[in-house]
Amino acid sequence: MLFGLQLGFTFVVLVGIYMLFALLDYTGGFDSFIGFIVFQPVIAAVLSVLTIILCFIIGLPIRFNRTVNQWWTKNFIVAFMLAIVGFTFLILSVLPLFTEVVPVTIDKDSLNETIPNGWFAITGWFVTAFALLHTFPPYILKQKTITLLNTIKL
């Protein structure tokens with residue numbers, strides 16, 4: 001059940017982050033609106049699922065190695081700090097100080113478009129996904145819940 005909550009929460013947050021970045025890139029017009037409403041959510045879902053799979057594979061030792069799992073759950077603040085670091089990178093990626101200007105050609109017209117900093121955005125995306133996917137309740141809360149469940153007779 002906990003794994004399902006972790007998956008669902010991570011998926012929703014990643015889709016939200018992607019859609020926020022897509023909204024920041026929205027230029028207006030009917031074609032762009034249809035693309036934003038129809039195609040961007042599909043792309044967001046696919047990228048979120050692929051990111052979750054990759055972060056799950058990288059985090060397998062946290063889930064299956066008892067020593068690492070106990071350390072990770074006892075030091076649950078590490079996951080929260082990683083999430084804060086990830087969100088910080090995402091915010092930094094859109095700040096004017098760190099954005100990148102790239103040349104874009106549309107209908108033989110050359111324009112300069114400002115985009116988020118790629119390094120910050122990608123790093124923030126993966127760090128946030130990893131932290132959210134591998135956030136466990138504090139060890140003390142887990143032990144109290146187990147004790148409470150053992151005392152309740154069904």
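The values are calculated or read from the model by the stated rules, or taken from the named source; none is laboratory data. Here the structure is a predicted model, which is why all the values come from computation and not from measurement. A quick note on method: Cβ atoms are made from the backbone with ideal geometry, for glycine too, and the neighbour counts reach across all protein chains shown. These area figures cover heavy atoms from the full protein model, side chains too; ligands, DNA and RNA do not enter into them. Shrake-Rupley method; radii C 1.70, N 1.55, O 1.52, S 1.80 Å.
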Might you tell me the accessible area per residue for segment 1-148, computed with a 1.4 Å probe and given in Å²? 64 Å²
Per the 1/(1 + (r/R0)^6) rule, R0 = 41 Å and r from the Cβ atoms of Met19 and Phe80, FRET efficiency to 0.05 is 0.95
Given the C-alpha centroids of segment 110-134 and segment 78-97, what is the distance between them in whole angstrom? 9 Å
If you fit an axis through the alpha-carbon atoms of helix 2-25 and take the longest principal axis of the Cα set of the chain, what angle between them do you get, 0 to 90°, nearest 10? 20 degrees
When log10 I(q)/I(0) by the Debye sum over Cα atoms at q = 0.11 Å⁻¹ is calculated directly from the model, which label among [x] -0.60; [y] -0.56; [z] -0.51 fits? [y]
Can you list the residues, at least 5 places off or on another chain, whose amide H is less than 5 Å from the amide H of Glu100, using H built in the peptide plane? Ile115, Asn117
For the chain, longest principal axis from Cα atoms; helix 118-133 axis from its Cα atoms; angle between them, nearest 10 degrees, is 30 degrees
Taking the chain and counting helices only, DSSP H stretches of n ≥ 4 at -39,500 (n - 2.57) each over all residues, the nearest-500 ellipticity at 222 nm comes to -22500 deg cm²/dmol
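Quick check: at a probe of 1.4 Å, how many percent of the accessible area of the chain sits on carbon and sulfur atoms? Mind showing how you got there, number by number?
Working: 7700 of 10300 Å².
Within the chain, the accessible surface is 75 percent carbon and sulfur.
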Separation between the Phe9 and Thr105 pseudo-spin-labels, each 7 Å from Cα along Cα→Cβ, expressed in nm? 4.8 nm
